[in-house]
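One structure is given here, and the rest of the page talks about it.
Each reported figure results from applying straightforward, stated rules to the coordinates on display, with no laboratory input. Nothing here was measured: the structure is a model prediction, and the numbers come from that model.
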Amino acid sequence: MNSNESMASPQLRKRKIQLNLKEISAIQIRLNRIEGQVRGVQRLVERNDYCDHVLTQIAAIHNALNGVGTLLLLNHLKCCIIHRTQQSDEEKNVVDEMLEIMSKLIK
């Protein structure tokens, strides 16, 4: 357990990601692709390949991880935050607009 987990309340540590099977599959596909990219970077380093190629691949991995993070953040905001609060339809529209803006900013 890392220091952030030890500081979280037991209630927070028991929460689970609320993803449907389609979302889980999409994230797993992305993570598998990232894993392959990391192995590719390892091979480039082992072969003492040109630094520019390695850095390009690292940038691709970074962007791919940001994509996974974006999916999880949007899911968290939609499912976890909205479902735990009692909001009117008007407030939900504001939250949906906020999610759209955040998605554009994060890309």
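Here are the numbers for this structure:
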{"quantity": "Full-extension gain in nm, residue 29 to residue 46, via 0.36 nm per residue minus C-alpha separation", "calculated": "3.5 nm"}
{"quantity": "Net length gained if the chain between residue 38 and residue 62 were fully extended (0.36 nm per residue, minus Cα distance)", "calculated": "7.6 nm"}
{"quantity": "Extension gain, residue 101 back to residue 21 (0.36 nm per residue minus Cα-Cα distance, nm)", "calculated": "26.2 nm"}
